[in-house]
Every structure is written in C-alpha cells, then in structure tokens.
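Let me begin by presenting the structure, written as structure tokens, before commenting on it.
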C-alpha cells in the first residue's frame, strides 16, 4: 500500500515537472516544427554596400582600402550567417564574417574594413558573397511551423590601378650651344598626358600650350624641365636639360667704322712707305743705275 502511494506521488511530481518544462519551452520557442525550404518568390537577399573603392575607379596606388557593410535592413533576411571576399589578385578568399557554431552571433549588420597592399597595376575586380537566413511562420494543422530559407547575396566592383608615372624623353633642346634665340622643342611621353607643364630657367611652371619653339631666348645658359600628369594623377619628370644660346652678332656701325679706319690707316701707311721708297730710289744718286 505504501509502495503504491509512493509510486503515485512520484508520478504526480514528474507530471508537474514535465508540464512546467513544456510551458517554459513554449514561451521560449512557440514553434512546434521547423522546415527548410527554398526562398519564396520575391524574397530579397542581404544588402551589401561597398564604400571603397568606388566602382570603375582609377587609382594611382597599389594599397587599396576595402570598406563595406552587410545589412538585413529592407531585405527578407533576418541574420547574417557567412560572408567572404574574392579578389582576382588573391589566391584564396578572405573571410569577412564566419558564424561561430559554439557562440553564434547572427548579426543584422556587419562592417568590414581591410587594406590590401602590393596590388599589381592593371584592371581588377572584387566580389563580396554574403549568405543570410530568413524564415516565415505558418499555423498548420500539425501545429505552428517555422519555414527557414537561406539566400546568398553577391556584389561586385571593378577598378584599375595605375601607379606608374609617365616617362618623358626630350629630343630638343639638347646640352649644346644654339646660335639662335629660337630653340625647337621636341619630346615624347610614354602615355597620354592629361596635363603638361614646363619650367624654363627655374621659373614657376608654365602650362604647355602646344607651342614647339622656345622663342626669344637671350644669350647665355638656360635650363629646361618638362612635367606630365596622367589620368591617374601620376607625375612624370624629365631630366633637366642645360643648354646655351650664343647668337651670331651682325657688325654694328661703330664696329664697322673702327674696322674701316683701321684698314684705311694701314693702307695709308703702306702707301707712304711705298712713295718714300720710290722717291729715294729715283732722286738719290746711290740709287741710280751704273752704266
């Protein structure tokens, strides 16, 4: 009798404990069933916003900072599960976010920033892949059911790196002496230049306007340097060329008069000497010929 009473008491206690546990479980998670399904029609994946670099950008550095945000706002997704970055110059993918199975975070927004160095010159692309989880509920005959689905969002940008400045080769002027005040300007640039400037005799840089002659240069030593900007903003600088202008000077009136007087003086002196010699030879008996 006592044994039967004890069994009834334990059964009653177990029933009360089980009922209390079921009530708490129901309060914590009202869904009785979970099913994984395909995303419903019209579902939108995670929103990926890449702040830098901008799409179709021309950069003049090999160090690129990638900054982005992944958000569930305005989408059919409630949480981020995994995300990674794929770049054409990297052999392996870069993890942006990875769900921790033992301590899951399931964030609704995630920021990421990293600088990638030593990227080679040329055209590049970056792709961001982000997988998120969404769900919807339905009160089925069998009970309240949560239907879960995963969606992967992809965002891609393209950019170009040009970190090499233009190379400038000057064919004229050269390191020589010019006998004219108008010195020809002749040069080549390794790529299309968006801006060309030059410095003559260490003066402030002047924008090249297409003129191919350094005109009206005074006599003396001159120095010339050329600068070129490409579309990425790289600046190329030529070697400094030092040359001399020494124009041929035409004779002036004063020089002509001096030369004329000098020649005339010499001519008169020669004529006088000749006349003296002639008269002496014909009048002096010593100079008469003997028969």
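Annotations
- Per-pair calculated FRET efficiency, R0 = 35 Å: residue 248 and residue 65 via Cβ, rounded to 0.05: 0.05
- Each Cα pair under 8 Å and six or more residues apart adds its separation to the average, and for the range 30-161 the resulting relative contact order is 36 percent.
- Put simply, the range 30-161 fits an ellipsoid with semi-axes of 36, 14, 11 Å; these come from the alpha carbon gyration tensor as the roots of five times its eigenvalues, largest first.
- The calculated FRET efficiency for residue 175 paired with residue 51, based on their beta-carbon distance and R0 = 45 Å, is about 0.30.
- Taking every DSSP bridge with both residues inside the range 168-245, close to 90 percent are antiparallel.
- Working from label points 7 Å from Cα in the Cα-to-Cβ sense, the residue 36 to residue 90 distance is 2.6 nm.
- Extension gain for the segment residue 158 to residue 78, taken as residue separation times 0.36 nm less the Cα-Cα distance, is 25.9 nm to one decimal.
- In plain terms, the chain from residue 197 to residue 146 could stretch by 11.4 nm, reckoned as 0.36 nm per residue minus the Cα-Cα distance.
- In a fully extended conformation the segment linking residue 209 and residue 109 would gain 30.7 nm over its present Cα-Cα distance, using 0.36 nm per residue.
Every read-out reported here was derived from the displayed coordinates using simple, explicitly stated rules and does not represent laboratory data. As the structure is a prediction and not an experimental result, all values here were calculated from the model. Cβ atoms come from the backbone with ideal geometry, glycine included; neighbour counts cover every protein chain shown.
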